[in-house]
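Here, each number is a calculation from the coordinates, and none is a lab measurement. Quantities reported herein were computed from a predicted structural model and do not represent experimental measurements. Virtual Cβ from ideal backbone geometry, glycine too; neighbours counted across all protein chains shown.
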Amino acid sequence: MKNSAFNDRLQRPLRDLRISVTDRCNLRCIYCMPREIFGPEYPFLPKNEILTFEEITRLAKIFVSLGVKKIRITGGEPLLRKDIELLIEKLSNEVRIEDLALTTNGVLLTEKSATLKKNGLHRVTVSLDSLNNETFSSMNGTGVKVESVLKGIDSALDSGLNVKVNMLVMKGVNENDILPMAEYFKDKRVTLRFIEFMDTGNNNQWNTEKVFTAKEITDCLRTRFELEQIPPDYSGEVALRFRYKGTQIETGIIASVSLPFCGTCNRLRLSANGRLFTCLFATDGYDIKNILRNGATEEELLTFVTGLWSKRDDRYSERRLDFIKNPGSSANLTKVEMSFVGG
Ligand code: SAM
Ligand code: SF4
Ligand code: SF4
């Protein structure tokens, strides 16, 4: 397979592929899959539309040949996908990937982490928004308790997986949990990253007033800790990185709203039903499943992907405020849901 370095229209290479393996989830986070919308009648994808592990692996090989270095398995909740550990094994055995990661809400991690590690997973990112059960339940829209996620995190650490934790901060909802979360994960020597609430999808009632910004987060952290900012690990890293002074323990902030990072965005997303999205805020994706199922050759698949990446000029987060101030602009178009396209 040929190996061609190529960039999009804004000179950004393709490096990071996020593969959503299901649009279903066992939680109903208010900022992602609010229960009122994602109820029993919600039309989740039928099984025959979902890419098989063979199809995902074939596509992953193509992307790696085009420069992808990092694959993240996500969803919906990826651990709900039947036999997900076999997909990890297949990718790890058949695709030369430098970094194989998975994002999960952690609820099913206790039972899966050892096999995931054994089968070749390098890292997990676990999402947890609070250590307080009342706040956590109100955010996750179910009765799921903090303890089940903490057990999942411990089990991932015990299995030898590299673990990071993501905490989404919503103003007026969980900013009081920033310091307890920082203390807890600093003690565990686990990197905790705070995420600004974004206007993903069409159903999470986002507005700027609900964003607890990176500046507010660092101000809050600095009331308790001395932080030193450190440079990005690699080009395209999304988090602002900090170290607790006098330690090697890190924390970070993903400031997609107040400090957008579209300029270095090298991410492509593959939805569970085989559509490619060049931006998290896209209205629609490019269908690669039908091309694949109609018997395309490697060359045809490569041409399709290079064609769509070369046309890419997305930079939604940098233009968010223009869109919002300008009714009739693309901010008012329907955006893909994050649970569908993969976070
Ligand atoms: N279910 C898994 C989980 O929650 O980790 C994986 C998928 S979830 C869509 C991936 C990440 O997206 C989570 O860390 C979640 O906090 C984040 N996320 C979801 N909705 C968001 C929003 N509106 N703004 C910012 N981050 C969001
Ligand atoms: Fe599910 Fe993750 Fe979305 Fe929460 S953020 S509803 S856990 S997909
Ligand atoms: Fe990348 Fe789109 Fe997010 Fe900008 S808004 S960082 S282009 S996914």
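Over segment 61-214, what portion of Cα pair distances is larger than 23 Å, expressed as a whole percent? Result for the distance tail: 41 percent. Across the chain, the volume of the C-alpha convex hull divided among the residues equals 135 Å³ per residue.
Of the trypsin sites (Lys or Arg not before Pro) in segment 153-250, the ones in a loop by DSSP (not H, G, I, E or B) with at most 16 other beta carbons within 10 Å are LYS171, LYS188, ARG189, ARG224, LYS245. For segment 16-341, the relative contact order comes to 19 percent (Cα pairs under 8 Å, sequence separation of at least 6). Taking each of LYS82/LYS188; LYS47/LYS112; LYS117/LYS171; LYS47/LYS335; LYS82/LYS186 in turn, the alpha-carbon distance tops 26 angstrom for LYS82/LYS188; LYS117/LYS171; LYS82/LYS186. Over segment 110-159, all Cα pairs binned in 5 Å intervals from 0 give whole-percent P(r) values of 5, 21, 27, 18, 14, 11, 4, 0, listed from short to long. For the residues GLY295, GLY67, GLY75, a GNM of the chain with alpha-carbon springs under 10 Å puts the largest fluctuation on GLY295. How many percent of DSSP beta bridges within the chain run antiparallel, rounded to 5? Within the chain, antiparallel bridges account for around 30 percent of the total. Just checking the listed ones, SER113, SER137, SER271: in the Gaussian network model of the chain with Cα springs under 10 Å, the one fluctuating most is SER137. Per residue, the average separation of C-alpha pairs within less than 8 Å and at least 6 apart gives segment 220-343 a relative contact order of 21 percent. Dividing the summed helix terms, -39500 (n - 2.57) for each DSSP H run of n ≥ 4, by the number of residues in the chain produces a 222 nm estimate of -9000 deg cm²/dmol to the nearest 500.
The GluC sites (Glu not before Pro) of segment 234-318 that DSSP puts in a loop, and whose beta carbon has at most 16 other beta carbons within 10 Å, are GLU237. Relative intensity of segment 196-260 on a log10 scale, I(q)/I(0) at q = 0.18, 0.20, 0.24 Å⁻¹, equals -0.73, -0.85, -1.05, per a Debye sum over C-alpha point scatterers of equal strength in the absence of solvent. Restriction of the chymotrypsin sites (Phe, Trp or Tyr not before Pro) in segment 28-94 to DSSP coil positions whose beta-carbon has at most 13 other beta-carbons within 10 angstrom yields no sites.
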